[in-house]
1. Quick one: which of Lys62/Lys116; Lys39/Lys116; Lys39/Lys62; Lys117/Lys150; Lys74/Lys147; Lys19/Lys119 span more than 19 angstrom between C-alpha atoms?
2. Farthest toward the dipole's positive end in region 17-149, which of Cys106, Tyr55, Val128, given Cβ charges of +1 (Lys, Arg) and -1 (Asp, Glu) about the Cα centre?
3. Mind checking the full-extension length gain between His92 and Lys117? Use 0.36 nm per residue of separation minus the Cα-Cα distance, one decimal, nm.
4. Take the alpha-carbon centre of region 23-69, take the same for region 139-157, and report the distance between them in whole Å.
5. With a 10 Å radius around each residue's Cβ, average the other Cβ atoms per peptide and rank 62-75, 79-92, highest first.
6. Assuming R0 = 30 Å, what is the FRET efficiency of Arg52 and Glu108, from their Cβ-Cβ distance, to the nearest 0.05?
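Read the figures in this text as sums done on the coordinates, not as results from a lab. This one's a predicted model, so the numbers in the text were calculated from it and none came from an experiment. Neighbour counts run over all protein chains shown; Cβ positions are idealised from the backbone, glycine included.
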Amino acid sequence: MGSGSSLACDISLNSILPKHLQDRYQNPSLIRRILAESKTIAMVGLSSDGQRPSYFVASYLKYEGYRIIPVNPKAKEILGEKAYPDVRSIPHPIDLVEVFRRPEECDEIVQQAIEKKAKTVWFQLRIVNEHAAQAAEAAGLDVVMDKCVKMEHGRYNGSLHWVGMNTEIITARKARRLF
């Protein structure tokens, strides 16, 4: 089902982007490739509070096998990983920079991602900054905007439909029990 669906659990209803920007920054083929190829994710704005969405997303991604690098100037360590004050401070290569910060902070984050030669910048659900996205694209980075990386991972690995989400994907994959 597309964005014209009236289902409350339709995954496409989550985006606030207009259709032309959804086509540009939410391409399913690109998202699948990014999720398959990325191994190291710098999470800018990762909270040490287990009740915050960023912590929940990071713990899920870590469980799924991604290397999570916390970026939070107020933390020393999150999820057992050393935290860094900014992307620039991370001493090793980064595949994906996941942004959990306000839109007005995205330009600087993208600049640091470009400097670090990250492959992708992913703006979390409800984070929209077209200028920052265009700067990342101009530097050769892939960009995903206004999407939740956890939801997209669950959508493509077959787990979101188990909880009633319309993932827009038909699969015969058997569900695995998580409890």
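1. Details: Lys62/Lys116 22 Å; Lys39/Lys116 15 Å; Lys39/Lys62 10 Å; Lys117/Lys150 23 Å; Lys74/Lys147 26 Å; Lys19/Lys119 25 Å.
From Lys62/Lys116; Lys39/Lys116; Lys39/Lys62; Lys117/Lys150; Lys74/Lys147; Lys19/Lys119, over 19 Å: Lys62/Lys116; Lys117/Lys150; Lys74/Lys147; Lys19/Lys119.
2. Tyr55
3. Working: separation 25, 0.36 × 25 = 9.00 nm, distance 1.04 nm.
Separation in residues times 0.36 nm, less the Cα-Cα distance, equals 8.0 nm.
4. Cα centroid to Cα centroid, the span is 8 Å.
5. Details: 62-75: 16.6, 79-92: 14.6.
Packing order, densest peptide first, comes out as 62-75, 79-92.
6. Values: r = 21 Å, r/R0 = 0.71.
Here the calculated transfer efficiency is 0.90.
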